[in-house]
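The values are calculated or read from the model by the stated rules, or taken from the named source; none is laboratory data. Computed from a prediction, not measured in an experiment: that's the story for all the values here. Neighbour counts run over all protein chains shown; Cβ positions are idealised from the backbone, glycine included.
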RNA sequence: CGGGGUGUAGUAUAGUGGUAGUACGUGUGCUUUGGGAGCAUAUAGUCGCGGUUCGAUUCCGCGCACCCCGACCA
């Protein structure tokens, strides 16, 4: 991608109608565009980041047997009436169709996924199975806030698992937990993300959240540093010690909920009459689990914890581009390097604009790609380019012929 | 949904009951070139509707939008 072709631009100042740090930087750097409260457009650079987060999630969920599907966002009222949530789900966006029927915009998809899987699964031989989607969710929050951390429209990966019994659900639940941590590891959040005990549903005492420690978070968690788990403040009265070791000296921190997994049991299979036949031909209800994770919120979280005064600092897996190639009035030589990087399948954004050095270097910092490569008269005089990591102050000179090897060796 | 705040050019900001200013941006020309450069010139604005007034961007009322706190929530 050539910056001269990119239709977005960076702003010199933070937009004044946002105080949320993630929204300010992302808007200033041209990653997102605000349409209304809690409603954002993902611009080319922001969409690349979002897609990278989704890619990581897909890879890890596929690896635990999740089968990707895509359910509708527009969902008829009748499905929600079956579980009683048409009336009880406050945040549901309800609307009327031209046929004068009622619909809801999907806020979560248990009501859709359950009958869908039900039409295909009848026997214990068909279980366990798990399906997921990455889709836009709608929740009519009374107050959206904090940029990407709480919008009325946001992206979510929602995985649903279906089992014959509690034991196989429990086993899959553990597997999903591990997959979640792999995802957070790849997204650079592992060290500050804690498995957190939270209020459960009807079926289990607790649900589990994944909470990333961050001052911008809305939740308070109480961390057991011995076990590396936490307890959500919302249940601290009934569970004031570490559930694993009983430690009562917990450390309170603000945190962002970056994932949530539930044992649903028969909460949804029962109202839909989703049963299976076991080995003896006996009809039994299917046992379900659900596993949520919001890529857009995670994107905001990464910004909150990974930035400096210069702007964004993307972990390599999610950066819009790996290399930010800057030509300081040396486009002829830099064009060749740009071709070479592209041929080597190294994702590169090339600042070929006719601008001063200051503006180019500042915008490179702002956009936050992991490696900045500068080509100037000075570096070319030594047959080299200058490479600087976004996370480092040091620069190194690398010979033109060695540029590709810098990453591929 | 309760409470508070803010709406002036694309962005960030001054100011005023009497022709709305600055910076950046954008256009043009020239200069400059390793941390958002300089000169010249042009471009572009008072959230909406009512009211008070000779005259409202300013005062008043009602809307609308956005932000923050709370409640609620991935």
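Considering only residues that are in a loop (DSSP other than H, G, I, E, B) and in contact with a helix residue (DSSP H, G or I) (Cβ under 9 Å, 6 or more places away or on another chain), which ones fall in the range A:53-73? The answer is A:64, A:65, A:66, A:69, A:71, A:72. Among the residues of the range A:342-360, not a single one is touching a residue at least 12 places away in the same chain (Cβ under 8 Å) and on the phi > 0 side of the Ramachandran plot. Close Cβ contacts (under 6 Å, 6 or more residues apart or on different chains) running from residues in the range A:319-331 that are within 12 Å of RNA strand B (Cβ to nearest atom) to residues that are in a strand (DSSP E or B) comprise A:324/A:349; A:324/A:372; A:326/A:351; A:326/A:374; A:327/A:375; A:330/A:375. Only one of the numbered conditions (1) over 14 Å from residue A:129 (Cα atoms); (2) in contact with a helix residue (DSSP H, G or I) (Cβ under 6 Å, 6 or more places away or on another chain); (3) within 16 Å of RNA strand B (Cβ to nearest atom) is violated by residue A:160, and that is (1). Taking residue A:361 as the residue in question, decide whether it is more than 20 Å from residue A:341 (Cβ to Cβ) and assigned to a helix (DSSP H, G or I). No; evaluated as a whole, the condition is false for this residue. Of the strands (runs of 3 or more DSSP E) lying entirely inside the range A:247-352, the ones with 1 or more residues being within 20 Å of the chain's Cα centre (by Cα) are found at A:251-265, A:287-293.
A count restricted to the range A:274-301 and to residues that are over 28 Å from residue A:46 (Cβ atoms) and either outside the structural domain of residue A:156 (by TED's automatic domain parsing) or in contact (Cβ under 8 Å) with a residue 12 or more places away in the chain (or both) stands at 11.
If the condition is being within 7 Å of RNA strand B (Cβ to nearest atom) and surrounded by 20 or more Cβ atoms within 10 Å (Cβ to Cβ), then the range A:346-363 contributes only A:363. Yes or no: the range A:220-227 includes at least one residue that is within 23 Å of the chain's Cα centre (by Cα), surrounded by 16 or more Cβ atoms within 10 Å (Cβ to Cβ) and not in a strand (DSSP E or B). No, there is no match, as no residue in the range A:220-227 is within 23 Å of the chain's Cα centre (by Cα), surrounded by 16 or more Cβ atoms within 10 Å (Cβ to Cβ) and not in a strand (DSSP E or B).
Yes/no per residue for (1) touching a strand residue (DSSP E or B) at 6+ places or on another chain (Cβ under 6 Å); (2) part of a loop (DSSP other than H, G, I, E, B); (3) over 20 Å from residue A:321 (Cα atoms); (4) more than 7 Å from RNA strand B (Cβ to nearest atom):
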position	(1), (2), (3), (4)
A:8	no, yes, no, yes
A:12	no, yes, yes, no
A:17	no, yes, yes, no
A:26	yes, no, no, yes
A:30	no, yes, no, yes
A:51	no, no, no, yes
